[in-house]
Amino acid sequence: MNDTVAVEATHTGQLFSVQILHFEDKDGRRYTREVVRHPGAVLVLPVLEDGKIVMIRNFRVAVDERLWELPAGKLEPDEAPQRAAERELQEETGYCAAAVRKLGEFYTSPGFSDELMHVYLAEQLTPVQRALEPGEDIQVQCVDSDEAVAMALDGRIRDGKTIAGLLMWHAADGSR
């Protein structure tokens, strides 16, 4: 591991910040790395009593496409990940869960970002009022669990966090 010589903040926004880290290796050579600093996020896999998964069709400006996704969102300052998962589930899908448990976590893109994604399973769902944020264009659709996994494997789902969450859930439950 190399020691950081200097840190230069180049952007601070509402979602993330960007830093340029300056290093010097053991031979005295200098190099830099650009790093996206992110507060962390949650991904929720909501399962209805009939086994269907509550998914969303989310329009993503960055890729100019409507993607199949699981509900997800950024952690607010000092917010516990499970609380964020419960909040995002309600905001994006219009459901609340009586049972929420953590399936795991992963770094979304460790080559350039420190974003840590916390993955939760949400069960015993009850419909509630949705609370979309301004600018969100989200459609809710329920998908058979086997079909959702097939979609992750055949390319219909192109969102990495959703693919990872579905496969984590599928692997954790040997009956699927």
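For this structure, a couple of remarks:
- So residue 149, is it touching a helix residue (DSSP H, G or I) at 6+ places or on another chain (Cβ under 8 Å), outside any loop (DSSP other than H, G, I, E, B) and surrounded by 17 or more Cβ atoms within 10 Å (Cβ to Cβ): yes
- Condition met for residue 153 (outside the structural domain of residue 20 (by TED's automatic domain parsing), at pLDDT below 95 and under 17 Å from residue 45 (Cβ atoms)): yes
- All positions within the range 82-115 that are more than 30 Å from residue 21 (Cα to Cα) and of a type in the set (Phe, Trp, Tyr): 95
- Contact map, the range 153-174: first residue farther than 12 Å from residue 106 by Cα, second residue surrounded by fewer than 17 Cβ atoms within 10 Å (Cβ to Cβ) and among the basic types (Lys, Arg), Cβ cut-off under 9 Å, separation 6 or more or different chains; pairs are 159/60; 169/176; 170/176.
- If you go through the range 114-136 and keep only what is of a type in the set (Gly, Ala, Ser) and over 17 Å from residue 90 (Cβ atoms), you end up with just 135.
- Qualifying residue in the range 74-95 (condition: modelled with pLDDT of 95 or more, in contact with a Ser or Thr (Cβ under 7 Å, 6 or more places away or on another chain) and assigned by TED's automatic domain parsing to the domain that holds residue 168): yes
- Residue 7 fulfils the conditions (1) over 14 Å from residue 118 (Cα atoms); (2) within 20 Å of the chain's Cα centre (by Cα); (3) in contact (Cβ under 8 Å) with a residue 12 or more places away in the chain except for a single criterion, (2).
- Counting only residues that are at pLDDT 95 or above and surrounded by fewer than 16 Cβ atoms within 10 Å (Cβ to Cβ), the range 115-138 holds 7 of them.
- In the range 25-44, residue farthest from residue 108 (Cα to Cα) [restricted to those that are at pLDDT 95 or above and part of a loop (DSSP other than H, G, I, E, B)]: 39
- Looking across the range 11-24, the residues that are free of Cβ contacts under 8 Å to residues at least 12 places away in the same chain and either assigned to a strand (DSSP E or B) or among the acidic types (Asp, Glu) (or both) come down to 11, 12.
- Among residues of the range 59-106, those that are crowded, with 17+ Cβ neighbours inside 10 Å and assigned to a helix (DSSP H, G or I), counted: 11
The values are calculated or read from the model by the stated rules, or taken from the named source; none is laboratory data. Remember, predicted model here, so these are calculated numbers, not experimental data. Note: ideal-geometry Cβ built from the backbone for every residue, glycine included; neighbour counts use all protein chains shown.
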